[in-house]
Amino acid sequence: MCYTKSLNKATNLTHDTFDFIIIGGGTAGLVLANRLSTLPSLRIAVIEAGDSVLNNSVVTDILGFPNTISLPINYAYSSAPQKYTDDRVLQYSGGRALGGTTTINGMTYLRAEREQIDSWGEFLGNEGWSWDELFPYYLKQEGFERPGQELEDRGAAFEEGFHGEEGPVATGFTPYLTGQDFFGVMRETHEGVGIPWNRDANGGRMRGFTAATQTLNATALVRADAARSYYYPVAAERPNLSVFLNTTALRIVWDEERRSSSGEVVARGVEVETQSGSIEVISLSDETGEIISSAGSIRSPGLLENSGVGNPSILEPLGITPVIDLPGVGGGLQDQPNIQIIYNSSTNWTGFPSFATFLTAADIFPPSDLSVLRDEITANISAYASTIVASSPRDETTQSIQEHLLAHHASQIFTPNSTIPLAEIIWFPMGTLIGAAYWTLFPFSRGNIHITSPNSTHPPAIQPNFFHLDLDTHLLAATSKKVLALFSSPPLSSYITPPTTPLASPFDIAELGYRDPRWATWIKGSYGSNNHPVATCAMMPRELNGVVDAGGRVYGVSNVRVVDAGTLPAQLSGHLSASVYAVAEKIADGILGERKGGR
Ligand SMILES: Cc1cc2nc3c(=O)[nH]c(=O)nc-3n(C[C@H](O)[C@H](O)[C@H](O)COP(=O)(O)OP(=O)(O)OC[C@H]3O[C@@H](n4cnc5c(N)ncnc54)[C@H](O)[C@@H]3O)c2cc1C
């Protein structure tokens, strides 16, 4: 008999049974826990590897980022050596706490471009997914606080109808938003080079310079993480919701005796390691029970693989018997390379910045370069696909799948007049520096995340394959030149002075063409992960390497879903938490509909 720490009631791990077992009390997991537990007849368990951080002042401080990154609640994974960038090992952060990565993230609240979400349905085969179908769930999640006049003068603006005001996630503008007319300087600089001010980038149109909303309670000055938003407000009133902290899910336990009516494998519970180190099984109540993995894009693939769901070529050498042959598990990883340019400033900036710029391909490339690049990409889709397939694990993907996905990718950003941003810049005027952290939003290279051990507690090998395709280096080099061009445009140019700090910098190569190999050298030596890994358990048809269907259900299994950042089928121009919340809200709504309909 084993008791573990349950926040809202003492629950017997092995004797109680549940209608839903949610693995991971993070961003997506707590949305599902909250919404599903609104039906009192459903008994919900959340298994969370970390602890509560409700009163951790580094977490709650709205100026706490990036100090949160050095907290012990950061998994701080190391990537595999990146073979296309001199074997560099990159840090991958992730929150190990109730609230998941929203307890440590940068709190930027920015959604996506309308056509990106539309393409989930139109191009990537997910029925029921479009911007119009997801937008209500962005509104449902959000408790937006309108800025006062003083903040509006510093750039905080919003459009009526773009924000929900009754939802659980507090959003708004930091009351510390940088003053000294940084907003005015940047607006004028951007408009001077033809890039508009975007009053509110959360309505599906992101291009331009904008002051970004954040996930914070601007009155209480507290970070709005997933636990504070979705769990604590309802914990006391939901006896049907149990949260097991410091408890790690090891694998899904299958019912050896049973198949569903359509011949699918059936799960009966989850094997866990408790805080005391004992191994227990948490069981589903009956054949209608479901398991939902919301362990995040880095851990959900491994949970499936350690349970026998994945590519037999990965599983068998580790002695794991394949239960479902599903080669997309852990494949298709897309992340973004992040890099910085920092200038000294003649002004001592005070306050806290939250300013972003979204640039399309047409903002970055002159028209003649853009049309050459477009033709080159179209002509090379097949070659890019061959390169990706050749370096992928055996049996993971095929030439035709990669051609389809790359064509989707290219069409999103390189179709003439596309409004989908190709790159994002986050500006940070801090003290006597003005910095720009920026990244290309749509790298073409693909990677993967796979287990390397049958021991489920071993971290997986994270292989983003940054800059595998030279095209990605060119896109980031061209973006770098645009960032430098913005710095040298008035009036911003009059606020900066030549750099005196020994930062790795591209100042001496600024004038070189974006294909010059010296750009590649600088980029490959300086970039880091943007910590936006997606598509490791992608929601797509099985024949496109998808892992889950449009309801988040794992193919070949009757009662297991994956709902987290890894479910997103493709990169987005926004930051991820808003869309992870929205996807989890929509899938929770679908599940409740099924349950109320009598399933
Ligand atoms: C440093 C950093 C900064 C970021 N900044 C921003 C930002 O400013 N704005 C933004 O929108 N997005 C940002 N993101 C991205 C965003 O926060 C994440 O993509 C998103 O929160 C992920 O949600 P998730 O539900 O997929 O996973 P998570 O929120 O990470 O939840 C996964 C949970 O599962 C638990 N878990 C994992 N394995 C197990 C297991 N075996 N058993 C039990 N529990 C397990 C984990 O402990 C965790 O609590 C940032 C990410 C990072 C890393």
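Figures for the structure shown
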{"item": "Asp508 accessible area, 1.4 Å probe, all protein chains in place, Å² to nearest 10", "result": "130"}
{"item": "The chain: relative contact order in percent, alpha carbon pairs under 8 Å with at least 6 residues between", "result": "21"}
{"item": "CD proxy at 222 nm, helix term only [per DSSP H run n ≥ 4: -39500 (n - 2.57); per residue of the chain; nearest 500]", "result": "-8000 deg cm²/dmol"}
{"item": "Computed magnitude of the charge dipole of the stretch 86-126 (debye, nearest 20; Cβ of K, R +1, Cβ of D, E -1)", "result": "320"}
{"item": "Segment Ser276-Glu543, length gained on full extension (0.36 nm per residue, minus Cα span)", "result": "91.9 nm"}
{"item": "Under 5 Å, built H, 5+ apart or other chain: amide partners of Phe428", "result": "Gly435, Ala436, Ala437"}
{"item": "Estimated distance in nm for a label pair at Asn455 and Ser368, the labels positioned 7 Å out from Cα along Cα-to-Cβ", "result": "6.0"}
{"item": "Residues Leu318 and Ala236, FRET efficiency given R0 of 41 Å [Cβ-Cβ distance, rounded to 0.05]", "result": "0.40"}
{"item": "Segment Glu287-Thr347, length gained on full extension (0.36 nm per residue, minus Cα span)", "result": "15.1 nm"}
{"item": "Estimated vicinal HN-Hα couplings, Hz - the stretch 218-232 in sequence order (Karplus 6.51, -1.76, 1.60; Gly, Pro = x)", "result": "6, 7, 7, 6, 10, 4, 9, 7, 5, 6, 5, 8, 10, 9, 4"}
{"item": "Per-peptide average of other Cβ atoms within 10 Å, ordering 199-205, 327-333 highest first", "result": "327-333, 199-205"}
{"item": "Distance (nanometres) between label positions extended 7 Å along Cα→Cβ at Glu188 and Gln91", "result": "3.8"}
{"item": "Accessible solvent surface per residue of the chain, calculated while the other protein chains remain in place, 1.4 angstrom probe, Å²", "result": "35"}
{"item": "Cut-off under 5 Å, modelled amide H: who pairs with Thr213 long-range", "result": "Tyr109"}
{"item": "Cα centre as origin, Lys/Arg/Asp/Glu Cβ charges: the chain dipole, Debye", "result": "680"}
{"item": "Residue-wise HN-Hα coupling along the stretch 154-163, computed from phi with Karplus coefficients 6.51, -1.76, 1.60 (Hz; x: Gly, Pro)", "result": "9, x, 6, 9, 8, 9, 4, x, 8, 10"}
{"item": "Of all accessible heavy-atom area on the chain, the percent that carbon and sulfur account for (1.4 Å)", "result": "51"}
{"item": "Computed FRET value (nearest 0.05) for Ala157 with Thr398, which takes r as the C-beta separation and R₀ as 45 Å", "result": "0.45"}
{"item": "DSSP-assigned coil residues among GluC sites (Glu not before Pro) in the stretch 100-190, each with at most 13 further Cβ atoms within 10 Å", "result": "Glu127, Glu159, Glu160, Glu165, Glu166"}
{"item": "Largest-first ordering by accessible area, 1.4 Å probe, given options Met539, Met430", "result": "Met430, Met539"}
{"item": "Charge context of Ile252, other residues only, Cβ under 10 angstrom, K/R +1, D/E -1", "result": "+1"}
{"item": "Built amide H within the under 5 Å cut-off of Ala76, gap 5+", "result": "Gly94"}
{"item": "Computed over the stretch 513-570: relative contact order in percent, which uses C-alpha pairs under 8 Å that are six or more apart", "result": "31"}
{"item": "Among beta bridges that DSSP assigns inside the chain, antiparallel share in %, nearest 5", "result": "70"}
{"item": "For the stretch 384-389, Karplus couplings with θ = phi - 60° (6.51, -1.76, 1.60), whole Hz, Gly/Pro x", "result": "4, 4, 4, 4, 5, 5"}
{"item": "Most positive-pole-ward Cα, Val323, Leu406, Ser278, against dipole of the chain from beta carbon charges", "result": "Ser278"}
{"item": "Sorted peptide list for 419-425, 65-71, 258-264, criterion being average Cβ within 10 angstrom, highest first", "result": "419-425, 65-71, 258-264"}
{"item": "Charge dipole of the chain about the Cα centre (unit charges at C-beta), most positive-ward option of Leu476, Val46, Asn380", "result": "Val46"}
{"item": "Values of log10 I(q)/I(0), in the order q = 0.05, 0.10, 0.11 Å⁻¹, for the chain under a Debye, Cα-only, solvent-free model", "result": "-0.20, -0.83, -1.01"}
{"item": "Inter-part distance where the stretch 56-94 and the stretch 452-477 are each reduced to a Cα centre, Å", "result": "15"}
{"item": "Debye, to nearest 20: dipole size of the stretch 87-210, +1 on Lys, Arg Cβ, -1 on Asp, Glu Cβ", "result": "480"}
{"item": "Relative packing of peptides 391-400, 556-565 - highest average C-beta neighbours within 10 Å first", "result": "556-565, 391-400"}
{"item": "Helix axis angle, 399-414 relative to the chain longest principal axis, alpha carbon, degrees", "result": "40"}
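The values are calculated or read from the model by the stated rules, or taken from the named source; none is laboratory data. These numbers come from a predicted model, not from an experiment. Cβ sites come from the backbone with ideal geometry, for glycine too, and all protein chains shown count toward neighbours. Please note that ligands, DNA and RNA were not included when accessible areas were found on the heavy atoms of the full protein model with its side chains. Shrake-Rupley method; radii C 1.70, N 1.55, O 1.52, S 1.80 Å.
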